[in-house]
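Each value in this text was obtained by applying a stated rule to the coordinates, not by laboratory testing. All values derive from a computational prediction rather than experimental measurement. So basically every Cβ, Gly included, is an ideal-geometry build from the backbone, and we count neighbours across all protein chains shown.
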Amino acid sequence: MSTMLQTEDLRYAYPGEEGAETVALDGVTLSIERGSFVVVLGHNGSGKSTLAKTFNAVLLPSGGKVYVDGMDTGDEALLLEIRRRVGMVFQNPDNQIVANVVEEDVAFAPENLGVPTEEIRRRVDDALAAVGMADFTLYAPHLLSGGQKQRIAIAGVLAMRPECIVLDEATAMLDPAGRREVLDAVERLHAEQGITVVLITHHMNEAERADRVLVMNDGRLAMDGAPREVFSRAEELAAMGLAVPDTVALLRRLRAGGMDVPTDAVTVDECVDAILREF
Ligand SMILES: Nc1ncnc2c1ncn2[C@@H]1O[C@H](COP(=O)(O)OP(=O)(O)OP(=O)(O)O)[C@@H](O)[C@H]1O
Ligand SMILES: [Mg+2]
């Protein structure tokens, strides 16, 4: 597998008043393989959004390097190519809608890139189908539910034919049904189209399907591993203000109560299996 995103000793500081600065990223070195599904966790202010913004050159490093598909984000000549490759979806669906009709909204970015008309039609149809919104082509986006709006936002990103999608708490404002719709759409894109996914979230349970979990703490990369490895370090996570998923929490309680269950079963199915094995 090749590397999609790579950072080397990445540092980012927001400038403040009178030369003061806030160091948001403090020496982050990581690499994300093409086609992987990576979840980023971390307490408020740990640097997750700042990290995400360096991935498509919205923010440029104050120190160190970021490479997208081998391209240095500091190279201005590569900026368009980098932004085309890495699509971002943010928290508030209403801030991401730019047109009054769904298909126009999804067509917005490729139109700006000068993609030919028939090609745009194809991309818009493909993108809406990929997120399960093909029946809403002519709807007014503002009349849709939050989950539907976020899927339109994802379709808008897909219309750029990105290789990587970064979702920064894209489910945070949604109800459970909307959250599920969006996660299902993202999982399908990953499974069927091999798109690299970087999912930033506060919901531990969203991490269960990740290939890898990165934990940010105070501007640094504190943990980096498979979900079951990361969530087996419950005490360290708690010290960083993070909980484990409900599945792991349940298994830990059963174990504390004397049941001989493993505590590293993260998905609901694994958790159920682990408990049933005790009977
Ligand atoms: N525009 C800004 N100007 C100054 N400081 C900022 C700015 N944006 C973020 N920061 C600071 O940078 C640090 C990292 O913030 P960041 O938004 O990357 O964290 P986060 O992990 O995404 O947090 P959250 O979970 O609240 O979204 C914090 O100390 C934050 O206060
Ligand atoms: Mg954030």
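Structure above, values below:
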| item | result |
| --- | --- |
| Diffusion constant of the range 3-244 at 37 °C, which comes from Stokes-Einstein with the Kirkwood Cα-pair radius and 0.692 mPa s, µm²/s | 179 |
| Unit charges on C-beta of K, R, D, E only; dipole of the range 3-244, Debye | 320 |
| Asn44 versus Thr117: modelled label distance in nm, points set 7 Å from Cα along the beta carbon direction | 5.0 |
| In nm, spacing of pseudo-spin labels at Leu80 and Asp125 (7 Å Cα→C-beta vector) | 2.7 |
| ³J(HN,Hα) computed for each position of the range 113-120 - Karplus, 6.51 cos²θ - 1.76 cosθ + 1.60, integer Hz, glycine/proline x | 7, x, 5, x, 3, 5, 5, 4 |
| Choice from Val98, Val244, Val106 showing the highest fluctuation, given a GNM over the chain with Cα pairs closer than 10 Å | Val98 |
| Neighbourhood charge, 14 Å Cβ-Cβ cut-off, centred on Thr137 and excluding it, Lys, Arg +1 and Asp, Glu -1 | -2 |
| Mean ellipticity per residue at 222 nm, deg cm²/dmol - from DSSP H runs of n ≥ 4 across the chain, formula -39500 (n - 2.57) | -11000 deg cm²/dmol |
| Selection from Met259, Pro141, Leu214, by position along the positive dipole direction of the chain (Cβ) | Met259 |
| Charge-dipole axis of the range 3-244 as Lys and Arg at +1 and Asp and Glu at -1 on Cβ define it, positive-most pick from Leu183, Ile165, Val115 | Leu183 |
| Cα centroid separation - the range 151-217 against the range 33-72, whole Å | 15 |
| Within-9-Å neighbourhood charge of Arg34 [Cβ basis; K, R +1; D, E -1] | -3 |
